[in-house]
Amino acid sequence: MLPVDRKDRRGKSLKPLDGKVILVTGCLGTAGRSAVTMFLRKGAVVFGCDRRPIDGSLEKEAARAAGGKERFAYRQADLCEEEEVMGVMTELDRRFERLDGTYHNVYTNVWKPALELTLPEWDETIRGTLTSTFLVCKHALPLLIRSGGGSIVNASSILGQLVQPGCLAYGAAKAGVNQLTRVLAADYAAYGIRANALVPGDFKPDEALARQSGQEKEAMRRHSWLGRSGRADEINEVAAFLLSDAAAYVTGALYTVDGGFHV
């Protein structure tokens, strides 16, 4: 039995993602794990996937956040492979019979300048970052259309807009994610589908923030107006907004969440 949701005086849910079926990719990473538990607390049904086997700690965290196991499911998949992406969508459809939103948070990063970067490294970065985004969006679209519309949120990076030495392949891939997202917004608006890119700056898990050296903290004070690195939950609060009905008039946007780093 699903937990009883609190309602306002008009009978409307107080949880912004109440009942929405959300696909969260890369859900064993820092941002993905935080997103799963946050979205569940906000009332969503979450289907998570990652290329690694699920660990017991995420299952326990998800059950605590959801008040039970009914609102979370997981499938191991390599999202660079089209057949595996199709398998994810087939299982999601079988279990929940609809899809209201996707939060794609998968990437590959190789930091090398052009003369040191091999073609296989370039291909790996583009495939893991841009191609995976394309495949997830492409195969989620039929489910979103059949469900009457929904929201696509693709995790990008300020390095798709700013220049960082050595960030050639990753920067190109994330710039591609930005443009792919905006074109999707134009192509599928008529179906009630919104598409936005989340553009985070430097963020770290809480334990890494606690271990930051004085030199690292000073570097962030110089580069960020807010003087620090971000936390995964601060990034995911914006993702949750974009997935919710509160963002019903937001599409084709690049939402920067970087503490002022890019300015």
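The values are calculated or read from the model by the stated rules, or taken from the named source; none is laboratory data. Small disclaimer: the values here were computed from a predicted structure and weren't measured. Heads up, the Cβs are rebuilt from the backbone with ideal geometry, glycines too, and the neighbour counts pull from every protein chain shown.
Hey, among the residues in region 213-263 that are modelled with pLDDT of 90 or more and in a loop (DSSP other than H, G, I, E, B), which one's surrounded by the most Cβ atoms within 10 Å (Cβ to Cβ)? Only one residue fits best here, namely Ser244. Note on region 168-183: residues that are within 26 Å of Ser34 (Cα to Cα) and touching a residue at least 24 places away in the same chain (Cβ under 8 Å) total 9.
Each row is one residue, and each column tells you yes or no for (1) within 12 Å of the chain's Cα centre (by Cα); (2) at pLDDT below 95; (3) buried (at least 16 other Cβ atoms within 10 Å of the Cβ); (4) not in a helix (DSSP H, G or I).
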residue	(1), (2), (3), (4)
Gly32	yes, yes, yes, no
Val46	no, no, yes, yes
Ile54	no, yes, yes, yes
Leu58	no, yes, yes, no
Glu61	no, yes, yes, no
Glu70	no, yes, no, yes
Arg75	no, no, yes, yes
Arg95	no, no, no, no
Leu99	no, no, yes, yes
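Scanning region 101-122 for residues that are loosely packed, with under 14 Cβ neighbours inside 10 Å and not in a loop (DSSP other than H, G, I, E, B) yields a total of 2. Scanning region 77-115 for residues that are within 26 Å of Ala169 (Cβ to Cβ) and either touching a residue at least 60 places away in the same chain (Cβ under 8 Å) or polar (S, T, N, Q) (or both) yields Val88, Thr102, Tyr103, His104, Asn105, Val106, Tyr107, Thr108, Asn109, Val110.
For region 79-92, a tally of residues being in contact with a helix residue (DSSP H, G or I) (Cβ under 7 Å, 6 or more places away or on another chain) and surrounded by fewer than 16 Cβ atoms within 10 Å (Cβ to Cβ) returns 2.
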